[in-house]
Amino acid sequence: MKKWLLLSFTLLLVFVAACGDSKDDSTNDSQTAENEKSETENNNAITIEDVYGEQTIEGTPKRVVVLEWVYAEDLLALGVQPVGMADIEGYKAWVNIDAELSEEVEDVGTRQEPNLEAISRLNPDLIITASFRHDAIMDDLNSIAPTLAFNPYPEEGKGNQYEEMIDTFTKIAKVMDKEDKAEEVLAQMETAFADSSSEIADAGLENIPFVLTQAYSSQNTPTIRLFTDNGMATIIMEKLGLSNAYKETDWELYGYKQTDIEALQNFQDAHFFYIVQEEDNVFENQLKGNPAWENLDFVKNDRLYQLPGNTWTFGGPLSAITFANQIRDVILEEK
């Protein structure tokens, strides 16, 4: 009897030990799989080309600082919040998109002069900036974290602003391992263009000639920007089925030429789209009653379309959707 009890107790110990080993093996296997996944993510090296050539980013960045608004917008479009960005107040005043910037994002100074100490304190694993602003401090930025620099204003012969916007957005998506999301966002943008184009065509306003302007006073003198064919805003308007009447022969890097009221004489048959601040509406405050303005055909025949004062004519794909909707709305409202 005692031998039987001893044998039973021994078998029970063996069974318990076996179960314990099985549980430990399962836990170890799970931990090993998690470690392998983490190691794979960390070893995921992505090489892209920025302004300075090929750049390799090791692993998927988790803490990103952006020093230009468009790149903050690109991250938000991909569902990623930056840990820091430059000039948050200005961004919120101008960039009108549905994706919201978290209140936890830290401000790191101005876009012109970012605070390197503030950037460093955030311990980023990636910085994204615009080369035209920060070429002089690229070594400092790279000493803090790997830095990608793009140029939203291509030189002549190197594409236009719209092409560059899409190219940079897809590169950032690749680095962030969000390529599927980028394709989804770009598809949404194309759908928004197509829908607005159809509504404009249904209103009988397809192929209308237009000029797009932004006007303000400088030393109490009306100053007008005429947007050129390489500008992102005019390219979007043409995707909506409109036709830019302003054909500038010289390349304008920023996509517009600064001029005066006399230049508008060349676009009598156009539909006039303009962006002004309410407190600085030069057409109401300074040009009202001025024959040079009042005798223009598009003024006399009320082919005027006032856009919101904070209309953003640059930005990424979400800003492009916002701008297309603003153009559609102002056309249909005036119709």
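Only the coordinates and a few stated rules stand behind these numbers; no lab work does. It should be emphasised that the depicted structure is a prediction, and the values quoted were computed from it without experimental measurement. Counting neighbours? That spans all protein chains shown, and the Cβs are built from the backbone with ideal geometry, glycine included.
Of all residues being in a helix (DSSP H, G or I) and among the charged types (D, E, K, R) in region 316-335, which is nearest to A182 (Cα to Cα)? Just the residue, please. Restricting to residues being in a helix (DSSP H, G or I) and among the charged types (D, E, K, R), the top hit is R328. For T313, the criteria (1) crowded, with 19+ Cβ neighbours inside 10 Å; (2) of a type in the set (S, T, N, Q); (3) not in a loop (DSSP other than H, G, I, E, B) hold in every case but one, which is (3). Checking the condition closer than 20 Å to N151 by Cβ and surrounded by fewer than 24 Cβ atoms within 10 Å (Cβ to Cβ), which residue from I57, I88, I97 passes? Sole residue among the options that is closer than 20 Å to N151 by Cβ and surrounded by fewer than 24 Cβ atoms within 10 Å (Cβ to Cβ): I57. For region 133-173, filtered to residues that are surrounded by 17 or more Cβ atoms within 10 Å (Cβ to Cβ) and of a type in the set (G, A, S), the residue that is nearest to Q55 (Cα to Cα) is A149. Given the criteria farther than 23 Å from Y153 by Cβ, in contact with a Pro (Cβ under 9 Å, 6 or more places away or on another chain) and among the aliphatic types (A, V, I, L, M), does I275 qualify? Answer is no for this residue. Residues in region 230-263 that are over 30 Å from S198 (Cβ atoms) and assigned to a helix (DSSP H, G or I): I261, E262, A263. Residues of region 264-280 being over 26 Å from the mean Cα position of the chain (by Cα) and not in a helix (DSSP H, G or I), which ones? Residues satisfying the conditions are Q268, D269, A270, H271, F272.
For the condition basic (K, R) and within 30 Å of the chain's Cα centre (by Cα), what is the one hit in K247, K288? Criteria check complete, one pass: K247. Considering only residues in region 200-226 that are under 15 Å from K239 (Cα atoms) and surrounded by 15 or more Cβ atoms within 10 Å (Cβ to Cβ), the one that is nearest to the chain's Cα centre (by Cα) turns out to be L212.
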